[in-house]
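*Asks:* First, the structure itself, so that you have it in front of you.
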């Protein structure tokens, strides 16, 4: 194969992959928009339930972070001794 043929083939494959990526991104954007609408509608229909779920998630994350920070402090005290 000549360099010109290789370059042409590379361009063709690159263009095909760009189109595939654009299609994939477009599909992902549509799916994300649809999921966002569904979530928004759910929140509007169930504000109390949504608040409870959010609070529970926040509590769980806070407890996890607190546990990790507590473990770090204990391990750093052990090293100082």
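*Asks:* For the chain, take the longest principal axis of its alpha carbons; what is the angle in degrees between that and the long axis of helix 47-80, to the nearest 10 within 0 to 90?
*Replies:* 80 degrees
*Asks:* For n ≥ 4 DSSP H runs only, could you compute -39500 (n - 2.57) per run for the chain, divide by its residues and tell me the 222 nm figure to the nearest 500?
*Replies:* -35000 deg cm²/dmol
*Asks:* To continue, here is another question. Once the Cα atoms of helix 3-45 and of the chain are each reduced to a long axis, what angle between those two axes, in degrees from 0 to 90 to the nearest 10, is obtained?
*Replies:* Result, in degrees: 40.
*Asks:* Of the listed values (i) 3, 13, 21, 22, 18, 12, 6, 3, 0; (ii) 3, 15, 26, 22, 17, 11, 6, 1, 0; (iii) 3, 12, 8, 9, 8, 8, 9, 8, 8, 9, 8, 6, 5, 1, 0, grab the one calculated as P(r) over Cα pairs in 5 Å bins from 0, in percent from the structure here.
*Replies:* The value matching this structure is (iii).
*Asks:* Related question: May I ask you to derive the FRET efficiency for residue 8 and residue 38 from their Cβ-Cβ distance with R0 = 41 Å, giving the value to the nearest 0.05?
*Replies:* About 0.35, to the nearest 0.05.
*Asks:* Provide Rg over Rh for the range 1-45; use the alpha carbon set for both Rg and the Kirkwood Rh (inverse mean inverse pair distance).
*Replies:* Radius of gyration relative to Kirkwood radius: 1.47.
Every number here is computed from the coordinates shown, using simple stated rules; none is lab data. Keep in mind that what you see is a predicted model, and the values were worked out from it rather than measured. So basically every Cβ, Gly included, is an ideal-geometry build from the backbone, and we count neighbours across all protein chains shown.
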